[in-house]
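First up is the structure itself, then whatever we jot down about it.
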Amino acid sequence: MEQYRLKSSEFRNEREDSWRALEKLVQRAETHGLGSLSHEQLSTLPSLYRGLLGSLSVARAISLDKNLLDYLTNLASRAHVVVYANKRRPSEAVVDFLLRGFPRAVRRHVVHLAAALLFLTAGVACGHLMTIHDMERYYAFVPDTMAQGRTPAATTESLREGLYSGREDLGEDLQYFASVLFTHNSKVGILCFTLGFAAGVPVVLLLFYNGLVLGAMSALFTSRGLGMDFWAWVMPHGVTELLAVALCGMAGLVFGTTLVFPGERSRLDNLAHNGHHAATAVLGAVAMLFIAALIEGFFRQLVQSIPIRWAVTLTTLALWTFYFGWIGREHPNEG
């Protein structure tokens with residue numbers, strides 16, 4: 001036993017200084033990020049890590065004491081994350097997602113996004129045209145939970161009041177309304193995404209149906225001379241919300257076309273290749289739905305001016321166009 005203790009002691013004394021130096025660098029990187037290390041420290045880090053792996057290999061081969069093995073194994077695991085995992089602070093990851101990951105993922109599949117918007121718009125047009133000629137179709141397109149009393153049986157004054165009601169005592173009701181809308185719209189968006197695995201066909205139907213609902217409601221208000229008022233009521237949040245739903249539909253169509261048209265790669269390889277970008281787009285779409293819910297639950301109910309509502313609509317449209325068109329570009333030919 002004395003011989004093994006002597007071996008362990010000599011082994012540790014010869015190498016402990018390099019272990020301690022590596023431990024300090026790893027602890028600093030874990031606490032403050034790799035950016036806190038100097039150029040010299042970053043250059044030293046890999047060599048210290050390789051030296052630690054050599055020490056760990058020798059320690060296991062000559063069966064040194066368990067405490068030393070545990071220490072070296074733990075330090076090697078922590079150093080591996082710092083050296084190879086490119087660990088970032090949460091704030092850095094969020095900034096990278098917003099300024100690079102999300103807009104690039106959308107631009108990568110802009111054709112699928114255009115198709116999703118086309119199916120959604122086609123549903124709006126069909127719903128409007130079919131309902132404006134026969135108001136009884138409204139009940140087939142718009143469920144009671146979404147109509148909330150806005151039906152052909154309602155008076156024009158009650159419909160107008162619904163567009164311009166702005167009470168000062170909304171408070172918690174508005175917050176609850178916004179949270180319900182966020183939950184509902186997020187479920188619809190995620191459903192579009194997951195249905196992509198059924199060759200994308202259900203995604204098309206869901207997008208078209210959502211458009212039918214909006215088109216039917218548009219026809220109802222247009223028949224009462226409130227068409228422009230209705231769209232001014234919908235679009236301040238609708239630009240963001242409908243675009244988010246279309247992004248989820250885009251992700252579903254990406255999965256569908258990947259499965260149906262795998263190309264030269266296998267289907268699994270294509271799913272792995274495109275799945276990351278599609279999931280990134282869906283994650284960003286959920287954040288957009290949250291923004292839309294805030295606009296719908298607060299701004300739209302508190303601001304009754306049509307010019308202001310249209311100004312917000314055009315502003316959000318311009319901002320999203322700029323964001324997805326130019327933010328995060330590395331060179332003019334990207335995508």
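A compact table of results
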| quantity | calculated |
| --- | --- |
| Computed [θ] at 222 nm, helices only, for the chain once each DSSP H run of length n ≥ 4 contributes -39500 (n - 2.57) | -26000 deg cm²/dmol |
| Under 5 Å, built H, 5+ apart or other chain: amide partners of His109 | none |
| Whole-angstrom Cα spans of the range 95-326 along principal axes, big to small | 60, 41, 28 |
| Using alpha-carbon coordinates, inclination of helix 201-223 to the longest axis of the chain, degrees | 40 degrees |
| Sparsely packed trypsin sites (Lys or Arg not before Pro) within the range 226-335, loop by DSSP, other Cβ within 10 Å at most 15 | Arg265, Arg329 |
| Between 0 and 90°, nearest 10: helix 267-294 axis offset from the chain longest Cα axis | 60 degrees |
| Fewest-first ranking of His133, His80, His277, using other Cβ atoms within 10 Å as the exposure measure | His133, His80, His277 |
| Selected from Ile291, Ile132, Ile308 as most flexible by GNM, with the chain as the system and alpha-carbon contacts under 10 Å | Ile308 |
| In Å, descending, principal axis extents of the Cα set of the range 1-152 | 97, 36, 26 |
| Integer Hz, Karplus 6.51/-1.76/1.60 couplings in order for the range 21-38, x for Gly and Pro | 5, 5, 4, 5, 5, 5, 5, 5, 5, 5, 7, 10, x, 5, x, 7, 8, 6 |
| Rounded FRET efficiency, nearest 0.05, which uses the C-beta distance separating Ser57 from Ser9 and R0 of 22 Å | 0.70 |
| Top of Ser266, Ser305, Ser38 by mean-square fluctuation, Gaussian network on the chain, Cα under 10 Å | Ser38 |
| Gap separating the Cα centres of the range 196-254 and the range 106-161, nearest whole Å | 7 Å |
| Fluctuation leader among Trp320, Trp19, Trp233 - the chain, Gaussian network, Cα springs under 10 angstrom | Trp19 |
| Fraction in percent of alpha-carbon pairs per bin - 10 Å, the range 213-294 | 17, 32, 24, 17, 8, 1 |
| Principal-axis tilt of helix 227-260 within the chain, Cα atoms, nearest 10 degrees | 50 degrees |
| Zero-based 5 Å bins, Cα pair distances in the range 2-87, whole percents | 3, 15, 27, 23, 14, 10, 6, 2, 1, 0 |
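Values in this text are rule-based calculations from the coordinates and carry no lab data. Source: prediction; values computed, not measured. As a convention, Cβ positions derive from the backbone with ideal geometry for all residues, glycine included, and neighbour counts pool all protein chains shown.
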